[in-house]
Amino acid sequence: MLGKTAGGLFWMFRYLERSENTARLLEAGFRMSLTRSAVGEDEWRSIVSAAGVRSQFEERHNSYATRNVIDFLLRDPANPSSVKSSIEAARINARMVRIALTREVWEATNESWMTLTKLLADPIRERDLPAVLGTIRQQSALVRGALHGTMLRNDIYDFARIGTFLERGDSTARILDVKYYVLLPSISFVGSSLDNVQWETILRSVSAHRSYRWLNGGEITPKGIANFLILDRRMPRSLAFCAAKLADNLGYLEGDYQTRLPCHDLAEHLRDRLRNNTIDMIMEDGLHEFVQGYIRDNLAIGNEIERNYRFTG
Amino acid sequence: MQQNASFFDEMFQPGEDEPREPYRNYKAWINQENPAHLKRKASEAETFFRRTGITFNVYGEDEATERLIPFDIVPRIISAREWSRLSRGIEQRVRAINAFLHDIYHRQEILRAGRVPARLIAENEAFLPQMIGVSPPGGVYTHVVGVDLVRTGADEFYVLEDNARTPSGVSYMLENRETMLQMFPELFSANKVVPVGSYPQNLRRSLAASTPGKHDGKPVIAVLTPGIHNSAYFEHSFLADQMGTELVEGHDLKLVDGRIAMRTVRGYKPIDVLYRRVDDDFLDPLNFNPDSVLGVPGIMDVYRAGNITLANAPGTGIADDKAIYSYMPDIVEFYTGEKALLQNVPTWRCSEADSLAYVQEHLSELVVKEVHGSGGYGMLVGPAASKKELSSFAKKLAKDPANYIAQPTLALSTVPILTQKGLAPRHVDLRPFVLVSPENIKITPGGLTRVALKQGSLVVNSSQGGGTKDTWVLEE
């Protein structure tokens, strides 16, 4: 496989994952704005920060008004992580690696791009937002379904998955990074309605409010949520899950190519660090520091993969 | 259907109910089809093309603009007899082109014999001095050729131009057939249409057979594209996909140990045959255009050393140059010892004083083309031009006569298309695709039919609003 093709697959799936994550963040923020009488600009600011585009937002807008955030996260070309920019970039990469994709995956990606480009051509009104978010979710499900249903489980698939889990781990870690303070034990006055909304937002932004309840009954505690998002290996967006999948998929490449590279050491190290940790230890050492360390290491693995597999010259 | 008696229609004969022979089955079928149903099918076809992403980019427009080449659902049908005559002529012409190229870059016998003026070669930008004395692996210069044909009567075909550099359009030929098979399977049981689907495998075999000397039977082939913004990118990726080869860009390639190698996830892997869809000028910044970022520095040196096959060979443009075109009947005769089976369109070379005078006097009747132009850009269709266009073109012509040739306005044949009001005749041409390997010449039955969708228009180029049709060659 060409290095460029590996890179194209990696980025195609990072961008697909990103468009979904951005939409999910927006959905969580929007829901909070509906369920709370006054949504402080602080809440929207933290949503935009979790999307990793705070400085770009503040260059464009003076206030965190709901319509500004909706427009910026969904369709602003100046926001490299907006749904529109992400699907555009995903499709450019897909065109580049088209010969590595099944017809189904290519057509699903192309159709997503056509559908979302049309959908996001004009500003979205608040009342249309739920339907728009629904369509975005549906489109990414189509691409994912085509990927799982039609692609050979070979190196092409591995690079696609590596991009997915690198992006996803980064996204969950950013949400934790922005919201870590609500999870700190010092503020653990359970039962306060303010915190319930905060926690619920965190869970919703990773689409895990229901699965958390399934696993933990009604017992919502900050520590429980932190454990769920960081260490639970059943939860497909947790840091431990993403790190394990990343190491697994890199491991398949190692086996396929019969070559062990520095990125394998880094990925296994990160996986093991999550595997051998407890939430109490993490809280004790500092939740914030832990999450920041994860973001840094995850990024470093990405860079190492790019070098080791010769994505660019 | 309204008829215009001054043009030959390939389906209908003037004053008769019965269509021409090859269209008999088709006509019977379309007569019993519901027109509304057909229109729905036509719009289905468009959705299919758009979803598949069979698009092309238009130069000079926003980079993000991707257009569809309109597809018409009425096939263009050629009888077995017509095709066998045509294909003999095409094969003869393509053989002559390869012999001419070999000669021009070696002993130049044809110039010594005075059959083609020496200055026409020496002063021609399409002639590459870097190719003098170079013999391509297997002796093949043009691995892929597109010969553009037009028809003016039942037995009258003309070669409009040869495409010996990097002819495109074959992916449309294949996708058009695929679309027709999906939409109208019943037509293919009622008509014996020669399949075209093996083109990619034939291309692969043909390229593999042209590999440089020593190989283990499985040469590494790659397709070189200028990238996703190129107007023919879809075709490049389509062919690489169908052949099962890598699709590379200049920045994926590098000179490694005297060979051209591609950067893979496991290091650099040498390439034996490069099907390049990048023009000569951009192929090698060290040997040609120094500003090119599309090519590979040093690839010409590797090529001259015989360590890679380039398809087509550099410098083949000298054979499809429009100034050389008018000599093609002589060229065919010189190398094959036979009269050319396919006719040339009479051509005035504006570099010659007498011809220039004639052209200037008859500008409103003629088609005038730039010698190096392509894609229908920069040409004048006299009868369709306004006074203003004629006078501004006359000025350009006077300034640089050698840059132009002129031809009579041909009465291009028509084939019906499906319009809102039913069938209506539109002008067509035909580009058959020819594969040349050291062992044989293979012509894909049919080719790409391009059709001018505007009523009365004679310009079929996709960049100028043309569309395409599926092209059938019927079995005996």
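Here, each number is a calculation from the coordinates, and none is a lab measurement. Please read these numbers as outputs of a predicted model, since none were measured by experiment. Here Cβ is always computed from backbone atoms with ideal geometry, including for glycine, and neighbour counts include all displayed protein chains.
Some points to look at:
- Rounded to 5, percent antiparallel among DSSP beta bridges of the protein assembly as shown: 75
- Estimated dipole of the protein assembly as shown in Debye, rounded to 20 [Cβ of Lys and Arg +1, of Asp and Glu -1, Cα centre]: 1040
- Between residue A:259 and residue A:121, the FRET efficiency estimated from the beta carbon spacing at R0 = 51 angstrom works out to 0.65.
- Number of partner chain Cβ atoms within 10 Å, mean per residue of B:261-269: 6
- Restricting the calculation to Cα atoms, chain B yields a radius of gyration followed by a Dmax of 22.5, 70 Å.
- Estimated FRET transfer efficiency (residue B:6, residue A:307; beta-carbon r; R0 60 Å; 0.05): 0.35
- Kirkwood estimate for segment A:207-263, i.e. one over the average of 1/r between Cα atoms, Å: 12.9
- The packing ranking, built from the mean of other Cβ atoms within 10 Å per residue, places the peptides A:158-164, B:413-419, B:395-401 in the order A:158-164, B:413-419, B:395-401, highest first.
- Semi-axes of the equivalent ellipsoid for the protein assembly as shown, Cα gyration tensor, largest first, Å: 58, 31, 23
- Diffusion constant of segment B:175-276 at 25 °C, which comes from Stokes-Einstein with the Kirkwood Cα-pair radius and 0.890 mPa s, µm²/s: 157
- Three-way shape label, segment B:320-465, alpha-carbon gyration tensor, a/c 1.5: oblate
- With a cut-off of 12 Å on the backbone N, the residues of segment B:366-405 near the modelled label site 7 Å out from residue B:281 along Cα-Cβ are B:372-374.
- In segment B:346-409, Cα pairs under 8 Å separated by at least six residues give a relative contact order of 49 percent.
- Using the Cβ-Cβ distance between residue B:13 and residue B:192 with R0 set to 22 Å, the FRET efficiency works out to roughly 0.45.
- In this rough spin-label picture, where each label sits 7 Å from Cα along the Cβ direction, the residue B:122-residue A:135 distance is 6.7 nm.
- Mean separation of Cα contacts under 8 Å (6+ apart) over length of chain A, as relative contact order %: 23
- Peptide A:251-257 shows a mean partner chain C-beta count of 1 within 10 Å per residue C-beta.
- Rounded to the nearest 500, the helix-only mean residue ellipticity at 222 nm of chain B stands at -9000 deg cm²/dmol, with each DSSP H run of n ≥ 4 adding -39,500 (n - 2.57).
- For chain B, averaging the sequence separation of C-alpha pairs within contact (under 8 Å, six or more residues apart) and dividing by the residue count gives a relative contact order of 24 percent.
- Potential lengthening of the chain between residue B:353 and residue B:28 amounts to 111.6 nm, from the contour at 0.36 nm per residue minus the alpha-carbon distance.
- Computed about its Cα centre, the charge dipole of segment B:254-380 is approximately 920 debye, with only Lys, Arg, Asp and Glu carrying charge at their Cβ.
- The mean number of partner chain beta-carbon atoms within 10 angstrom of a residue's beta-carbon across peptide A:98-109 is 3.
- Among the GluC sites (Glu not before Pro) in segment B:321-355, those located in a DSSP loop and surrounded by at most 16 other Cβ atoms within 10 Å of their own Cβ are B:338, B:352.
- Highest average packing first - B:223-232, A:198-207, A:127-136, A:292-301, Cβ atoms within 10 Å: A:198-207, B:223-232, A:292-301, A:127-136
- Lys, Arg +1 and Asp, Glu -1 on Cβ, resulting dipole of segment A:189-313 about Cα centre, debye, nearest 20: 400
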